[in-house]
Amino acid sequence: MIDPVPNLRVVMAQLNLLVGDIPGNTEKIVVAAREARDRWRADAIVFPELTVTGYPPGRFVASPRVSWARWNRPCGGFAPKSKG
């Protein structure tokens, strides 16, 4: 007899994001991930494409004023903030 496969609970997130607000959007992602974990007991959470940038990035990404270090700082902090 085959053992039953455990269920996988996946939560889909829809957030109100601001284009170009990388730190603010990142914080919203972390809050949503924690809520999915704690409230809905999610094993995984799915976000829309380009959630970090607040879709659509367009000219924002191509701008010479964009600091790529500013993008990398908040993105590197997801894992430690969402463990559990």
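The numbers here are math on the coordinates, done by the rules we state, and not lab data. Keep in mind the model is a prediction, meaning the values are calculated, not measured. Here the Cβ is made from the backbone with ideal geometry for all residues, glycine too, and neighbour counts use every protein chain on show.
Some values worked out for this structure:
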{"item": "Residues whose placed amide H lies under 5 Å from that of I45, excluding near-sequence neighbours", "result": "V11"}
{"item": "Extension gain from V19 to R41, taking 0.36 nm per residue of separation minus the Cα-Cα distance", "result": "5.0 nm"}
{"item": "FRET efficiency estimate (nearest 0.05) - Cβ-Cβ, V10 to V31, R0 22 angstrom", "result": "0.75"}
